[in-house]
1. As an exercise: evaluate B:Ala103 against (1) within 27 Å of A:Pro65 (Cβ to Cβ); (2) at pLDDT 95 or above; (3) not in a helix (DSSP H, G or I) and give the number of the one condition it does not meet.
2. Specify which of the listed residues (B:Trp64, B:Trp93) is under 20 Å from B:Leu25 (Cα atoms) and open to solvent by 50 Å² or more (accessible area, probe 1.4 Å).
3. Given A:Tyr61, A:Tyr43, A:Tyr138, which one is open to solvent by less than 70 Å² (accessible area, probe 1.4 Å) and under 18 Å from A:Lys10 (Cβ atoms)?
4. Among the residues of region B:30-54, write down those that are open to solvent by less than 70 Å² (accessible area, probe 1.4 Å), at the interface with chain A (Cβ under 8 Å from one of its Cβ atoms) and either assigned to a loop (DSSP other than H, G, I, E, B) or of a type in the set (Gly, Ala, Ser) (or both).
5. Pairs please, first residue from region B:2-29 and facing chain A (nearest Cβ under 9 Å) and more than 25 Å from B:Phe122 (Cβ to Cβ), second anywhere and surrounded by 18 or more Cβ atoms within 10 Å (Cβ to Cβ) and of a type in the set (D, E, K, R), Cβ atoms under 7 Å, 6+ apart in sequence or on different chains.
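The values are calculated or read from the model by the stated rules, or taken from the named source; none is laboratory data. Just so we're clear, the structure is a prediction, and the values are computed from it rather than from any experiment. We place every Cβ from the backbone using ideal geometry, glycine too, and count neighbours over all the protein chains shown. These accessible areas exclude ligands, DNA and RNA; they are computed on the full protein's heavy atoms, side chains included. Shrake-Rupley method; radii C 1.70, N 1.55, O 1.52, S 1.80 Å.
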Amino acid sequence: MPPLTRWYIKSALVYLTAALLLAVILALPINLPLFIRYMNPAYFHLFLVGWVTQMIFGVIYWMFPIITRAQPRGNEQLGWASYALLNVGLLLRAIGEPLVSTRPEAGLGWLLAVSALLQWLAAVLFVVLAWPRVKEKYRGE
Amino acid sequence: MPRLSQWIIRAAFIYLLLGFTFGALLLTHKGMPLHPALWGWLPAHIEFLLMGWIVQLTMGVAFWILPRYWKHPRGTDEIYAQIAFVFLNLGIWLVVAGTTFRAGIWVLLAGRVVEVGAVVFFALHAWKRIVSREGA
């Protein structure tokens with residue numbers, strides 16, 4: 001299993017744990033602070049982007065047919081860039097969204113725009129990386 | 001990877017990009033308002049990512065890796081998987097038409113029914129390929 005896949009899958013497991021813990025907190029029958037209550041969309045995205053999509057990315061990078069023996073999984077740097085952008089973007093969202101909702105006067109809306117751009121770039125880079133590997137099994141040059 | 005899997009997985013990648021693009025616009029709009037009509041794209045964002053990306057990718061990978069031969073040929077009935085691919089994508093766009101484009105409740109309902117059909121056809125295809133080591 002390549003190092004990038006290990007990072008993807010271990011991060012995915014951390015996000016799954018975090019998402020489910022957040023779900024527990026959101027279900028508590030107490031008066032939660034506003035910041036926490038506004039984390040409902042973050043819960044969905046920690047689950048679906050942090051866990052599901054990141055797990056898929058890790059497995060695709062590992063198991064899809066290789067391109068060549070020399071560079072089996074394409075440009076690895078692209079994969080690391082996608083990993084970093086996805087995770088920074090997602091964490092920025094998890095913090096930025098409740099911040100913007102609870103303090104709309106603080107002018108922090110740009111945090112969400114940056115988060116959106118980072119996650120979008122992560123998806124684009126991953127598709128660029130994985131697209132050439134959607135093919136027949138490699139049978140040598 | 002068989003040709004049909006390639007089609008299904010490439011389609012899933014396209015939906016990933018569409019879903020993330022709408023998601024990015026919606027998230028940006030939350031922080032820095034762009035246009036109020038953007039919220040109408042929320043159902044498309046959800047549909048593209050749940051059905052177009054996650055469900056479709058799962059089907060594409062399943063079609064690729066489930067055993068085609070174990071002890072004896074598993075009668076793969078590829079036509080069922082092809083129908084599932086067409087139905088799933090038709091269903092996605094009908095649902096998007098029925099929600100985001102406000103084409104009406106019947107279009108939305110038709111989309112959901114076609115999506116169920118896609119899953120049934122895929123299950124019909126995959127059933128015989130789900131086998132134990134003993135071939136049961």
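1. (1)
2. On the way: B:Trp64 fails: under 20 Å from B:Leu25 (Cα atoms).
Answer to the check: B:Trp93.
3. On the way: A:Tyr43 fails: under 18 Å from A:Lys10 (Cβ atoms); A:Tyr138 fails: under 18 Å from A:Lys10 (Cβ atoms).
Of A:Tyr61, A:Tyr43, A:Tyr138, the one residue that is open to solvent by less than 70 Å² (accessible area, probe 1.4 Å) and under 18 Å from A:Lys10 (Cβ atoms) is A:Tyr61.
4. B:Gly31
5. B:Leu27/A:Arg93
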